[in-house]
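Visitor: I have a structure here, written as structure tokens, and I will follow up with some questions on it.
The values are calculated or read from the model by the stated rules, or taken from the named source; none is laboratory data. Owing to the predicted nature of the structure, the values given are computational and were not obtained by experimental measurement. Here the Cβ is made from the backbone with ideal geometry for all residues, glycine too, and neighbour counts use every protein chain on show.
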Amino acid sequence: MNSRILSIAALDSSGGAGMNQDIRVATLFQRSIYCCPTGYTIQSSQGVEAICPLSPSFFRKQLCRILDEYNPQYIKIGALCAPSQISILKEILSEYKCLNILIDPILKPTKGISFISNPKLYQELLKIAEFISPNWNELAEISGRPIHNFAMSLDAAKLLVQRYKINILLTGGHANCDPIPETYISVDNTKTHYLPKKYWNYSHGTGCALSMTFLCYLEDGYSAEKAFCAASHWVSDFYDKLNEHSNINLDMDKHSRDFPT
């Protein structure tokens with residue numbers, strides 16, 4: 001089905017994350033999404049080797065064309081390839097006034113070079129977004145507060161929630177515990193669900209998968225809290241299945257039957 005979801009993200013040459021993952025997950029949910037690339041990367045199993053951002057003028061023009069013609073109502077902002085893209089997004093999306101903007105902050109990958117060297121620049125986007133889906137490391141970088149345990153992660157998240165009136169989908173993959181906590185934090189509510197700790201050989205793109213799955217569930221009519229819980233479990237099952245296969249490049253027809261939506 002046609003969707004009202006827009007992915008703003010980088011193209012991953014290794015195929016496992018970024019816009020590539022957004023399209024893959026959306027396809028498994030039987031959706032066709034709009035795409036606004038932020039740049040190109042050279043990536044491999046050794047990490048991110050190089051990043052080539054789109055020019056500011058080209059990035060601005062493609063974003064405006066998509067918004068004007070297709071009117072997406074769910075917007076995911078993933079990896080940004082240049083600081084100028086943050087100011088462009090803030091300017092244009094402030095006027096667009098979409099109610100379902102999600103930031104999936106991609107700062108420094110597990111291996112390789114950083115996308116945005118100054119994480120606090122993301123605070124500008126918090127002023128226009130409804131949701132942000134950080135892991136503990138990303139939350140620490142954006143909030144400027146150290147995080148060593150679950151309680152500290154909640155304190156840092158609540159600081160951003162109160163300051164920017166944003167809702168946080170706090171992922172727990174970096175927690176050194178089993179089960180891991182995943183927490184939805186809003187101004188009025190904090191709700192934690194738990195998942196078994198997994199040790200996957202292949203985990204590239206988990207954050208991208210989570211945020212796109214969350215938006216798909218939102219579009220299906222789930223509340224934000226329920227959409228986050230459902231997305232967490234879906235992604236866990238997805239990577240369980242993915243790791244069962246020696247070939248990590250998905251056969252889309254086969255796996256669309258394996259992963260229920």
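Visitor: Quick check: anything in segment 23-38 of a type in the set (A, V, I, L, M) and closer than 17 Å to Phe115 by Cβ?
Guide: For segment 23-38, residues of a type in the set (A, V, I, L, M) and closer than 17 Å to Phe115 by Cβ: absent.
Visitor: Same structure, new question: Provide a single number: the residues in segment 12-27 that are within 14 Å of the chain's Cα centre (by Cα) and part of a helix (DSSP H, G or I).
Guide: 9
Visitor: State the number of residues belonging to segment 108-153 that are part of a loop (DSSP other than H, G, I, E, B), of a type in the set (Val, Ile, Thr) and under 21 Å from Ala82 (Cα atoms).
Guide: Matching residues across segment 108-153 total 4.
Visitor: Could you list, in sequence order, all residues of segment 183-206 that are closer than 27 Å to Ser45 by Cβ and either at pLDDT 85 or above or β-branched (Val, Ile, Thr) (or both)?
Guide: Those that are closer than 27 Å to Ser45 by Cβ and either at pLDDT 85 or above or β-branched (Val, Ile, Thr) (or both): Leu195, Pro196, Lys197, Thr206.
Visitor: Please name all residue pairs, on different chains or six or more residues apart, with Cβ atoms under 6 Å, provided the first residue is in segment 177-190 and is more than 18 Å from Ala227 (Cα to Cα) and the second residue is loosely packed, with under 12 Cβ neighbours inside 10 Å.
Guide: Pro179/Pro196
Visitor: Right, something else. Does Val48 satisfy the criteria of being more than 17 Å from the chain's Cα centre (by Cα) and surrounded by 22 or more Cβ atoms within 10 Å (Cβ to Cβ)?
Guide: So Val48 passes the test.
Visitor: So, one more: Could we say that Ile92 is without any contact (Cβ under 8 Å) to a residue 40 or more places away in the chain and assigned to a helix (DSSP H, G or I) here?
Guide: So Ile92 passes the test.
Matching residues to (1) assigned to a loop (DSSP other than H, G, I, E, B); (2) touching an Asp or Glu at 6+ places or on another chain (Cβ under 8 Å); (3) over 30 Å from Leu242 (Cα atoms):
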| site | (1), (2), (3) |
| --- | --- |
| Val161 | no, no, yes |
| Gly173 | yes, no, no |
| Tyr184 | no, yes, no |
| His193 | no, yes, no |
| Ser203 | yes, no, no |
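Visitor: Could I ask something else about it? Can you tell me which residues in segment 47-84 are over 13 Å from Ser7 (Cα atoms) and in contact with a Lys or Arg (Cβ under 6 Å, 6 or more places away or on another chain)?
Guide: The answer is Gly47, and nothing else.
Visitor: Count, please, the residues in segment 95-106 that happen to be assigned to a loop (DSSP other than H, G, I, E, B) and surrounded by fewer than 21 Cβ atoms within 10 Å (Cβ to Cβ).
Guide: Adding up the residues that qualify gives 4.
Visitor: Which one is nearest to Ala17 (Cα to Cα) among residues in segment 49-84 that are among the small types (Gly, Ala, Ser) and in a helix (DSSP H, G or I)?
Guide: Out of the qualifying residues, it is Ser84.
Visitor: Let me ask another. Ser223 versus (1) touching a residue at least 40 places away in the same chain (Cβ under 8 Å); (2) under 23 Å from Arg4 (Cβ atoms); (3) surrounded by fewer than 18 Cβ atoms within 10 Å (Cβ to Cβ); (4) among the polar types (S, T, N, Q): which is the lone unmet condition?
Guide: Answer for Ser223: the failing condition is (1).
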